[in-house]
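I have placed the structure first, in the form of structure tokens, so that the comments after it can refer back to it.
Each reported figure results from applying straightforward, stated rules to the coordinates on display, with no laboratory input. Keep in mind that this is a model prediction, so the values were computed, not measured. Cβ placement follows ideal geometry from the backbone for every residue including glycine, while neighbour counts extend to all protein chains displayed.
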Amino acid sequence: MIDSDKNEGHGMGEIYYVLNTNALPQVSALDSCGQRPPYVHFKRKYHEYILYVITSGELFLDEEGIEYHLEENDCILLDPTRTHVGIRTSSYTFCYFHFLPGYAGNRYMEVDKNYLLNQGEVLFPKIHRISNDETIKICRELCDRVHDISVEGGFLKRQKASALLHMIMLEISEDARNQEHGQKYNSKGYLLTAKELERYIKRHYMDDFDSEGLGDKFGYNYDHLNRLFKKETGSTIYRYLVQVRCEEAQKLLQTGYYSNEEIAARVGFAGSDHLSHVYKKIWGYPPSYENRKTNSK
């Protein structure tokens, strides 16, 4: 959160940076660590951007007269043109990245939330609290990899670090955009949007799905969830699920390495007969057609 009495008009989420998603940021340092009293964050004006993601506790910072009180699941992007310093002792754990933009020049453009984006650009908030459960889980999993990469050697270390930061920044950017657009969260922290459901299904298409379990997962009656999904996409949840499964099955079939039974097990169908029945409904031809195409090459 921000101490709004001392922020000179800049509230949470009002400052954004324009990120070019077509280029990876160039990470020079990263790690995850913790601090305890009597430590107070030292004063500095660094030559690179620094992203902090707080994983527990609280951190108190001042960046040129604007005070920030950061708590668990908060993140802040510290600007190389501004001096920052700790303003009181506290206990906290966090992961950090030191980096520069991954394109010509060494600055992200600072804008407000009304900036009109060009293709390939996203807005990244100066400070943000991640509130969606799925996004928190993803960011935590990504942060768990920070220390392992920090102690690695080899020429791929910087590439891995840059890719990891890129993924974290995209997750944070999307979460901020969803909050800015006023989308509502249910009691378990999930967004009731087609995009969120699509995202969940694409990650878990191989799992066993049942209407009651999916409804419980999102904290709403399944029929209500299904109506919302169909209204936004024109497809039922089940139809979308089998579409995703068939798309994944098609990729495996085209390799020529797997039997229909193996593919059915990998993508979530009950067996090869079930796969063949649904596959033909979706694509208009049976899985054997993919086998013939592969063998004819």
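From its DSSP helices (H runs of at least four residues, each -39,500 (n - 2.57)), the chain gives a residue-normalised ellipticity at 222 nm of -12500 deg cm²/dmol. For the chain, the percent of C-alpha pairs falling in each 5 Å distance bin, counted from 0 to the bin holding the largest distance, reads 1, 5, 10, 12, 13, 13, 12, 11, 9, 6, 4, 2, 2, 0, 0. Counted by Cβ distance under 11 Å from Asn260, the other residues give a net charge of -3, where Lys and Arg count +1 and Asp and Glu count -1. In degrees, nearest 10, range 0 to 90: what is the angle between the Cα axis of helix 133-143 and the longest Cα principal axis of the chain? Between helix and principal axis, roughly 70 degrees. Taking one quarter of the surface of the convex hull spanned by the alpha-carbon atoms of segment 81-176 gives a direction-averaged projected area of 8.6 nm².
Could you list, in their original order, any pairs among Lys137/Lys281; Lys45/Lys195; Lys231/Lys281; Lys230/Lys251; Lys157/Lys217; Lys113/Lys157 whose Cα atoms are separated by more than 29 Å?
From Lys137/Lys281; Lys45/Lys195; Lys231/Lys281; Lys230/Lys251; Lys157/Lys217; Lys113/Lys157, over 29 Å: Lys137/Lys281; Lys45/Lys195; Lys157/Lys217; Lys113/Lys157.
A simple spin-label model places pseudo-atoms 7 Å from Cα toward Cβ; at His204 and Tyr39 they are separated by 3.6 nm.
Over all pairs of different C-alpha atoms in segment 4-180, the reciprocal of the mean inverse distance, the Kirkwood hydrodynamic radius, equals 16.5 Å. Here, segment 186-297 has an Rg and a Dmax of 15.6, 53 Å when only alpha carbons are counted. A Förster radius of 41 Å combined with the Cβ-Cβ distance from Thr89 to Tyr257 puts the calculated FRET efficiency at roughly 0.10. Exposure proxy for Arg245, Arg129, Arg145: other Cβ atoms within 10 Å of each Cβ, ordered fewest to most, give Arg145, Arg129, Arg245.
When the Gaussian network model of the chain links Cα atoms closer than 10 Å, the mean-square fluctuations of Leu19, Leu253, Leu78 top out at Leu253.
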